[in-house]
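The values are calculated or read from the model by the stated rules, or taken from the named source; none is laboratory data. Since the structure is predicted, the reported quantities are computational estimates derived from the model, not experimental observations. Cβ atoms come from the backbone with ideal geometry, glycine included; neighbour counts cover every protein chain shown.
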């Protein structure tokens, strides 16, 4: 009998009853659910009397839901029937408890996501304001000032003023679309990091689209890229050094990421990889060293003498 009960899903037992298996009824009531009172199971069932055996009734309440599972036997049920129902009741209550825990955890996650989204939006607004203030300040630093209001309201001054006209360029670094939008709206250059050549190409296209939307598609713009570089006569040694350096810096395993995001290998291998970034649209490339301290001077020499000259 217990084997037959185990073979049936609880939902089916609750909705259809189990008259054909044991001499009893299953009644599952869900109260306060969407304002409705529903009774699942068959309507013709007999309330147990003092003479008939009865299983205990348990109620599980969670937030706005009150779930009651009542397992009721007829007066002529035998011990095997009752044991089978007891097992079914335990399974159902365990499932109700599990779902209640899931619901509670989901609610906590939802609240945390709302907080994160709110803080993220505040940060975005702060960045936008900072860029606006920076741009105003840089304009106010012109040698020949045409806007007295900007000069008066600028939060800082620099003497002597920058030689670049009309102001020093604004560069935005990042990896995601919000940074691309800031670049399109405010910046003169784009400098992503941890990018593949394909990602660089796609980001430049995205920024070009946003620049048109902001009416800035005719102003000067420089696409660049920031790529960690390790050059060595032994390509495998270069990749090991690069993975070791970046792994410590970012506290993660870079053994499989070096070939994707870095410039690491022999001079010839690095030339080939650098060309991919240039072909993707980069007109300025920053190549910081990513190697052991004792190899840093040689790394810079190889970059300057055997890698970069191929693109001049």
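What pairs come up if the first residue lies in region 94-118 and is touching a residue at least 40 places away in the same chain (Cβ under 8 Å), the second is surrounded by 10 or more Cβ atoms within 10 Å (Cβ to Cβ), and their beta carbons are under 7 Å apart, counting only those six or more places apart or on different chains?
Cβ pairs passing all conditions: 95/10; 100/60; 100/62; 103/62.
Residues are listed down the side, and each one gets a yes or a no for (1) surrounded by 15 or more Cβ atoms within 10 Å (Cβ to Cβ); (2) modelled with pLDDT of 85 or more; (3) outside any loop (DSSP other than H, G, I, E, B):
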residue	(1), (2), (3)
122	no, no, yes
130	no, no, yes
134	yes, no, yes
139	yes, no, yes
145	no, no, no
174	yes, yes, no
204	yes, yes, yes
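How many of the residues making up region 226-256 are touching a residue at least 60 places away in the same chain (Cβ under 8 Å) and out of contact with any helix residue (DSSP H, G or I) (no Cβ under 7 Å at 6 or more places or on another chain)?
Count: 1.
Can you tell me which of (1) more than 18 Å from residue 196 (Cα to Cα); (2) at pLDDT 95 or above; (3) touching a strand residue (DSSP E or B) at 6+ places or on another chain (Cβ under 8 Å) is the one residue 229 doesn't meet?
For residue 229, the exception is condition (1).
If residue 281 satisfies every condition in (1) surrounded by fewer than 14 Cβ atoms within 10 Å (Cβ to Cβ); (2) modelled with pLDDT of 95 or more; (3) at positive phi but one, which is the exception?
Failing condition for residue 281: (1).
For residue 219, indicate whether it is more than 28 Å from the chain's Cα centre (by Cα) and within 28 Å of residue 170 (Cα to Cα).
The answer is yes for residue 219.
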